[in-house]
1. Per 0.36 nm of contour for each residue apart, how much would the distance between Thr90 and Asn189 grow if the chain were fully extended, relative to their Cα-Cα spacing?
2. Give me a comma-separated list of calculated 3J(HN,Hα) values for segment 24-37, in order, Karplus coefficients 6.51, -1.76, 1.60 applied at θ = phi - 60°, integers in Hz, x for any Gly or Pro.
3. Mind giving me the nanometre distance, one decimal, between the label points for Leu105 and Phe210, set 7 Å out from Cα along Cα→Cβ?
4. Would you mind computing, in nm to one decimal, how far apart the modelled labels at Ser118 and Ala197 are, each placed 7 Å from Cα along Cα→Cβ?
5. Length gain on complete extension for the stretch Ala52 to Leu136, per 0.36 nm per residue less the alpha carbon to alpha carbon distance?
Amino acid sequence: MYASTVRGLLVRGMFAGLIAGLFAFAVAYVVGEPPVRGSIAVEEAAAAQDAASAPSGHAGHGGDAASGEAAEEEEELVSRPVQSTVGLATGVLVYGVALGGIASLAFSFALGRVGGFSPRATAALTGAGAFGLVYLVPFLKYPATPPAVGNPDTIGQRTTLFFLMILLSVLLGVGAIILGRRLAPRLGNWNATLTAAGGFVVATALAFVFLPDNSDAVQPGFPAALLWEFRIASLAVQLVLWTVFAVVFGVLAQRLLATRTDDAEVTARQQAPALG
């Protein structure tokens, strides 16, 4: 019975993630694409300026051939319109479905273990916790940057640091929940919650101090307004994704668990010995 319930929640979580992904894609396309196009235009302008200021090479057909080969190598395999529509939609939808499934498993574990909350309230807490731990906290340490803005030689290091911050944030969040539950019998729910939250903030601040910064994530001279426009858009996409997921999944989980509860009560009454 428990396994079938978890499986049902997993399917509904993935479906809720798909719906949330559709909303997130709409926000990403409307709000996120303009700063992306702007950053690409800045990069192209800088490249054209560098090419114009570079000393001219040997004239002749050999130089023309080399230029043609370089242009051919830089030609995009996928056009920009496809990247901003089909590619963006595919990436956001897959992301939404995957995280929706993971969040539904976290919901299954949290239900009934973090207080006497209803399934809808637990779904809201799960969505808020996922947004905070998986995106907001890492974002505060390593903010999002538009494509082709940072030093390409350090993209691997920057990606590793970002995922390390996600892992630390999730582990610290889980640790804070465990700490709060253990302190609750002695301090009461309110004081235990405040103590656990304070411990999370202190531990996160220490992680911010000791983890290295992305000093080369943004090239010098990049427009600050365009950078923050992209970061705010990125934040809005994640906020919409997790809000829609929490609402849709909360409704679906509430219906599923209510149906399972009713079925369990009917089965218990049928199996109970008749009173004579």
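Readers should treat all values here as calculations from the given coordinates under stated rules, not as data from a laboratory. All figures in this text were calculated on a predicted structure; none of them were measured in a lab. Don't worry about glycine lacking a Cβ; one is built from the backbone with ideal geometry, like all the others, and counts go over all protein chains shown.
1. Values: separation 99, 0.36 × 99 = 35.64 nm, distance 4.29 nm.
Separation in residues times 0.36 nm, less the Cα-Cα distance, equals 31.4 nm.
2. Once θ is set to phi - 60°, the couplings for segment 24-37 become 5, 4, 4, 5, 4, 6, 6, 9, x, 5, x, x, 5, 4 Hz.
3. Taking the two extended label points, one gets 2.8 nm.
4. In this crude label model, Ser118 to Ala197 measures out at 2.3 nm.
5. Details: separation 84, 0.36 × 84 = 30.24 nm, distance 4.13 nm.
That pair, Ala52 and Leu136, stretches by 26.1 nm at full extension.
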